[in-house]
Each structure stands twice: as structure tokens, then as C-alpha cells.
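Notes for the one structure printed next.
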Amino acid sequence: MISCHRLIIRPITVDDAPFILTLLNEPSFLRYIGDKQVRNLEDARQYILNGPVASYERHGFGLCLMELKESHTPVGMCGILKREELPDPDIGFALLPDFWHKGLAFEAATAVLQDARERLKIERFLAITSLDNEASINLLERLGFRFERVTKLSPNGEPVKLFVNAD
């Protein structure tokens, strides 16, 4: 668990399935991140177990829940991922639209990157965005990432922008 100014960033559990179901079906999530085929609470539980929980067990890190410190209201997720298609871990984040433009994603991502550098000794991070996700691109630039190239994670996949952040 990471505590920052306004947020608690903690591992996702199956108890978070209702929130994950909502987040993964937000139109902005579907447009910019993709359709994870999560349509009901059981799908959400399986997504949590096969995604974040499996990543915690395999790598010691993964996507975490972002919740407001004062109310414990879940607002999004942020964390470090290890994709087979990429040579280094990458940062991911998604917030419900009601919590955009408040600096929460920057706060969470800054804390997650610092924790990964200190606790996990990761020195180089990647990030990917859809080509037109200006909000995420701007956030990555504020975090010190630099655009490297346009690439595809799979032969038939959509092109994405790849960013790098190294100490």
C-alpha cells in the first residue's frame, strides 16, 4: 500500500469487482485502453484474479486501486505492469471521468514510480498510449517520459505510442 497526499494506492482484491466492472466499461476506458470483455461481476472478479492478483504473485507488482484517502472512494487504478511484448515494465493508469483534471493521476503515478524505483529497484519504465490520447500523453511528459516511437504490441494490434523514462 502507498499513501500519498490525497490517495491510498493499494492492491486490488475481488471485493473491488463492482468498481472494476464500472471502470472497465467507461466509454473512455474502452476507447483509449480497450475492451477487456468484462460484462458482469464474475467477469470483473476473473479480471482481478487473472490480471492484477496474478501479476502481484508473479512480479511483486501490478495495477492497484486508487482511492481517496478521506472517503475511501475508489477513483481509478494505477500501477506497474510487465507485458511479454515489452522489454521493460510499463506504467498504466485509468480514472473515472468524474476524477479527471484534479491531479490525481499525476499524484498516483508519481508515487507508484517512486515506490517501484525504491522498493523494486526498477530503473527503466515504459508507457504506451493510443495515438490520440492527449491527456495520457501530457501526463507521461509531466512525469518525465519521452516519446520513443510508434509500435504495435501484436502483428494485428492497433499502433500505440511508446514512451521511455529512465533514471
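The values are calculated or read from the model by the stated rules, or taken from the named source; none is laboratory data. All of these numbers come straight from a predicted model, not from anything done at the bench. Note: ideal-geometry Cβ built from the backbone for every residue, glycine included; neighbour counts use all protein chains shown. Accessible surface is based on the protein model in full, side chains and every heavy atom, while ligands, DNA and RNA are left aside. Shrake-Rupley method; radii C 1.70, N 1.55, O 1.52, S 1.80 Å.
Answer with one residue from Val160, Leu41, Trp100: the one whose Cα lies farthest towards the positive end of the charge dipole of the chain, charges on Cβ with Lys, Arg +1 and Asp, Glu -1.
Val160
Not counting ligands, DNA or RNA, and with a 1.4 Å probe, what is Leu143's accessible surface area in Å² rounded to the nearest 10?
30 Å²
Give the lysines reachable from Lys82 as a straight Cα distance under 19 Å; neighbours fewer than 8 places away on the same chain don't count.
Reachable lysines: Lys36, Lys121, Lys152, Lys161.
Normalised by the number of residues in region 91-154, what is the relative contact order in percent for Cα pairs under 8 Å and 6+ residues apart? Could the numbers behind the result be given before it?
On the way: 23 pairs, mean separation 21.0, N = 64.
Once divided by the residue count of region 91-154, the mean separation gives 33 percent.
With runs of 4+ DSSP H residues as the only contributors, calculate the mean residue ellipticity of the chain at 222 nm using -39,500 (n - 2.57) per run, divided by the residue total and rounded to the nearest 500.
Calculated mean residue ellipticity at 222 nm is -9000 deg cm²/dmol.
Report the charge-dipole magnitude of the chain in Debye, nearest 20, computed about the Cα centre from +1 at each Lys and Arg Cβ and -1 at each Asp and Glu Cβ.
Value, rounded to 20: 240 debye.
Write down the accessible area per residue of region 21-73 in Å², having rolled a 1.4 Å probe over the full set of protein chains. The partial results should precede the final answer.
Values: 2980 Å² over 53 residues.
Each residue of region 21-73 exposes 56 Å² on average to a 1.4 Å probe.
For Cα pairs less than 8 Å apart in space and 6+ apart in sequence, what is the mean separation divided by the residue count of the chain, i.e. the relative contact order in percent?
19 percent
For P(r) over Cα pairs in 10 Å bins from 0, in percent, one of (1) 9, 33, 35, 16, 6, 1; (2) 11, 36, 31, 17, 4, 0; (3) 10, 41, 41, 8, 0 was computed from the structure I shared and the rest are decoys. Which label?
(3)
Taking all protein chains in place and a 1.4 Å probe, what share, in percent, of the accessible surface of the chain do carbon and sulfur account for?
52 percent
Find the centroid of the Cα atoms in region 23-58 and in region 116-135, then give the distance between the two in whole Å.
Centre-to-centre distance over Cα atoms comes out at 19 Å.
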